[in-house]
1. Report, ordered by chain and residue number, the lysines lying within cross-link reach of K223, taken as a straight Cα distance under 16 Å and ignoring same-chain residues fewer than 8 apart.
2. Counting each DSSP H run of 4 or more residues in the chain as -39500 (n - 2.57), what helix-only mean residue ellipticity at 222 nm follows after dividing by all residues, to the nearest 500 deg cm²/dmol?
3. Give the relative contact order (percent, whole number) for region 1-110; include only Cα pairs under 8 Å separated by 6+ residues.
4. Out of the total accessible area of region 66-111 (probe 1.4 Å, heavy atoms of protein only), what percent is carbon and sulfur?
5. Taking amide H atoms as placed 1.01 Å from N in the peptide plane, list the residues 5 or more away in sequence, or in a different chain, whose amide H sits under 5 Å from that of S70.
6. If you place +1 on the Cβ of every Lys and Arg and -1 on the Cβ of every Asp and Glu, how big does the dipole about the Cα centre of the chain come out, in debye to the nearest 20?
7. Leaving out ligands and nucleic acids, and using a 1.4 Å probe, what accessible area per residue does region 165-224 come to in Å²?
8. I'd like to compare 182-192, 17-27, 80-90: which one has the highest average count of other Cβ atoms within 10 Å, and what's the full order after that?
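The values are calculated or read from the model by the stated rules, or taken from the named source; none is laboratory data. Computed from a prediction, not measured in an experiment: that's the story for all the values here. FYI the Cβ positions are ideal-geometry reconstructions off the backbone, even for glycines, and counts take in every protein chain you see. For accessibility, only protein heavy atoms count, side chains too; no ligands or nucleic acids. Shrake-Rupley method; radii C 1.70, N 1.55, O 1.52, S 1.80 Å.
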Amino acid sequence: MSDFVRRYGWGLSAILVTLTAFWLLALVWVPYSVMIEKSFRLYLPVSEIGGPSDRYTLANYLSLFDMSASSEFLGLMVPIAVQVFLITVFYSCGVTIICFALAYPAAYFLAKKAAPAQIPTLFLMLAIPLFVSEMLRTFAWFIILAYQGPLNALLDAVGLSKVRWLSGYNGIIIGMVYTYILFMFFPIYNSLTALDNNQIEAAKDLGARSWQAHLNVIMPHAKPGISSGATMVFMFAVGSVLVPTLLGSPNSRWFTEIIIRSMFEGQDWNSAAAYAFLLLLVCLLFVSLVMKLFRVNLADITR
């Protein structure tokens, strides 16, 4: 703390600490505390708030397991809300894996193979989509993936049969990979730029093949970037609203859609808070698993 004050002075240090405390308190702790508190209370008319029915309960969480709305899932009768929750987590993990599979080679190429003069141009080409809002990008993919859209027109022109890209979860996965892949790319690229090329050359001089050098030298060095990218992509995917809404089909539902429906159609903000808190717990669990799998700490992920 003394080094911080010595570097910035008392006035600027006080401003920075105050702004940080305000951000943590007003924009993080207070909203989450209210959400968690509301999740343990029933949705009641205004006249009954504060009365004997207004008490802490697990009813909002137990409503997730309501068997009155259930369907067959993996050979078992499962509540629809639980089914959608599991599918959301599963496909979010899938989106994270696909983003890594696409982002890692691109990050390695830019960090170690591309000519320095080409890097600014390539970065600009990658960053241009970020200048456009997520809604417009997602709607553009809706047009591209439509059954009568340009992608199927191209397939038809080369003699291939048309594909219903927006059927099931196909459109959602494609849209999420496109929307969130840069959040995987940039942390990996940042980690790889710190890797000394001599370490790669030494591995090859010792007889390591290309895939062995990646597995034993390059990827271990990039673990902080991989873990940070995986965490961000999973959190964005599991909490996405626009992409599942625009690119989903009648037989594909995302858990955030249930939360939105509870809030705005059912006006049951308490159940929505409980479901949102479950998503938060899943994200925390995912971060813990990533930290254990890659053997990194929280500072490495948030770096």
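1. The qualifying lysines are K292.
2. So the calculated ellipticity at 222 nm is -19500 deg cm²/dmol.
3. It comes to 12 percent, rounded to a whole number.
4. Looking at region 66-111 in its full context, I get 76 percent from C and S.
5. Those lying under 5 Å, H to H, from S70 are I80.
6. With Lys and Arg at +1 and Asp and Glu at -1, about 680 debye.
7. Roughly 49 Å² per residue, with all protein chains present.
8. So the order, starting with the most tightly packed, is 182-192, 80-90, 17-27.
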